[in-house]
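Engineer: Would you mind keeping the following structure in view while I ask a few things?
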Amino acid sequence: MTSIDVQDLIKEYGTTRAVDRLTFRVEPGRVTGFLGPNGAGKSTTMRLALGLDRPTFGQVLIGGRPYASYDEPLRLVGALLDPQAAHGARTARDHLRVLAAANRIPVRRVDDVLEQAGIAAVAGRRVKTFSLGMRQRLGIAAALLGDPAVVLLDEPSNGLDPEGIVWIRELMRGLARAGRTVLVSSHLMNETATFADHLVVLGRGRLLADTSMPDFIATHSTRRVRVRTTEPDRLRAALARAGHPVAPTDDGRLTVTGATAADVGALAAADGIPVLELADEQGSLEEAYLALTAADAEFAATPLQEA
């Protein structure tokens with residue numbers, strides 16, 4: 001089984017503990033979003049998984065073994081951590097050919113992944129002439145080179161244009177549908193909500209959440225109901241008696257906090273209040289994420305009115 005198993009992982013830099021007894025598993029067949037504020041330990045954990053740094057304690061196993069134990073790791077694990085890592089004097093094609101030769105990957109895969117990443121037309125250009133988005137695509141091509149069962153991507157949308165963002169989103173979903181193990185670190189909550197099935201959330205090196213996307217949002221956001229009626233005053237009074245906070249909106253609807261549509265509908269029916277519109281409003285991933293990680297952000301700006 002090609003899972004990623006993080007087991008009791010600790011990483012210390014001097015007196016700073018960047019990763020603090022971290023344990024979780026990334027399963028195949030789904031996209032796992034890897035979230036957390038700056039300094040939460042996400043990039044450190046990925047580096048430890050790929051053998052780029054040594055843990056102080058614990059281990060990360062990929063497919064049941066440490067990454068460093070594989071003779072040809074790109075055939076199992078593809079990763080994008082730093083799009084600037086490619087040598088600037090090489091062409092994009094030569095960069096991938098070197099990686100293919102080192103891992104006994106057929107050279108035909110080079111042109112396959114260049115085409116898949118949308119940069120086949122510039123394959124003969126030197127990497128130092130590439131824009132950030134082109135370097136990002138090259139890094140993703142390198143991650144796909146060995147047709148790996150496990151893919152780790154750190155901020156894969158960084159520098160991509162709208163078409164590129166849609167492409168990488170569909171790519172990650174496709175890899176998961178094919179049974180691959182996909183771990184994606186991102187700061188873009190709205191974008192993560194479009195592709196992630198499962199979430200692992202860190203704060204100050206500790207595990208804050210390891211759960212499905214719907215469960216995470218339901219647990220860390222407030223239930224709300226949107227309702228519209230021809231008798232808002234009567235409905236507001238009925239909801240107040242039941243202890244449900246109500247706020248009017250600019251479009252004439254009422255927003256009811258801490259209730260479900262079934263609750264509001266039953267109250268309205270009991271008092272004979274006509275209802276024109278009634279719907280549950282799901283909280284966003286961003287709202288849930290901020291609620292969970294507020295105390296763990298390393299840096300937080302002062303609101304303008306307080307500054």
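The values are calculated or read from the model by the stated rules, or taken from the named source; none is laboratory data. Keep in mind the model is a prediction, meaning the values are calculated, not measured. Virtual Cβ from ideal backbone geometry, glycine too; neighbours counted across all protein chains shown.
Engineer: For the range 153-165, check the following and say yes or no: at least one residue is touching a residue at least 60 places away in the same chain (Cβ under 8 Å) and surrounded by 21 or more Cβ atoms within 10 Å (Cβ to Cβ).
Structural biologist: The first filter runs over the range 153-165 and keeps only residues touching a residue at least 60 places away in the same chain (Cβ under 8 Å), leaving 153-154, 156, 158-159.
Right, trim to surrounded by 21 or more Cβ atoms within 10 Å (Cβ to Cβ) and you get 153, 156.
Looking through the range 153-165, at least one residue is touching a residue at least 60 places away in the same chain (Cβ under 8 Å) and surrounded by 21 or more Cβ atoms within 10 Å (Cβ to Cβ).
Engineer: Among the listed residues 239, 276, which satisfies the condition of being among the aliphatic types (A, V, I, L, M), touching a Lys or Arg at 6+ places or on another chain (Cβ under 8 Å) and either farther than 30 Å from residue 32 by Cβ or in a helix (DSSP H, G or I) (or both)? Outline the logic, then answer.
Structural biologist: Details: 239 fails: touching a Lys or Arg at 6+ places or on another chain (Cβ under 8 Å).
Answer to the check: 276.
Engineer: Residue check, residue 166 against (1) β-branched (Val, Ile, Thr); (2) closer than 24 Å to residue 3 by Cα; (3) under 17 Å from the mean Cα position of the chain (by Cα), all met but one. Which one?
Structural biologist: Condition not satisfied by residue 166: (2).
Engineer: Oh, and also: Does the range 1-46 hold any residues that are in contact with a Phe, Trp or Tyr (Cβ under 8 Å, 6 or more places away or on another chain), surrounded by fewer than 18 Cβ atoms within 10 Å (Cβ to Cβ) and not in a strand (DSSP E or B), and which are they?
Structural biologist: 38
Engineer: If you don't mind, another one. How many residues does the range 110-126 hold that are out of contact with any Phe, Trp or Tyr (no Cβ under 9 Å at 6 or more places or on another chain), crowded, with 20+ Cβ neighbours inside 10 Å and within 19 Å of residue 168 (Cβ to Cβ)?
Structural biologist: 2
Engineer: Additional query: Suppose the filter is in a strand (DSSP E or B), surrounded by fewer than 21 Cβ atoms within 10 Å (Cβ to Cβ), assigned by TED's automatic domain parsing to the domain that holds residue 211 and not β-branched (Val, Ile, Thr); does residue 53 pass it?
Structural biologist: Numbers: in a strand (DSSP E or B): no; surrounded by fewer than 21 Cβ atoms within 10 Å (Cβ to Cβ): yes; assigned by TED's automatic domain parsing to the domain that holds residue 211: yes; not β-branched (Val, Ile, Thr): yes.
So residue 53 does not fit the description; no.
Engineer: Here's another thing I want to ask about it. Residues to consider are 279, 291, 268; find the one that is farther than 22 Å from residue 219 by Cα, touching a helix residue (DSSP H, G or I) at 6+ places or on another chain (Cβ under 7 Å), modelled with pLDDT of 85 or more and of a type in the set (Gly, Ala, Ser).
Structural biologist: Numbers: 279 fails: farther than 22 Å from residue 219 by Cα; 291 fails: farther than 22 Å from residue 219 by Cα.
Exactly one residue qualifies, and that residue is 268.
Engineer: Given (1) crowded, with 17+ Cβ neighbours inside 10 Å; (2) of a type in the set (A, V, I, L, M); (3) at pLDDT 90 or above, where does residue 254 come up short, assuming only one miss?
Structural biologist: Among (1) crowded, with 17+ Cβ neighbours inside 10 Å; (2) of a type in the set (A, V, I, L, M); (3) at pLDDT 90 or above, residue 254 violates only (3).
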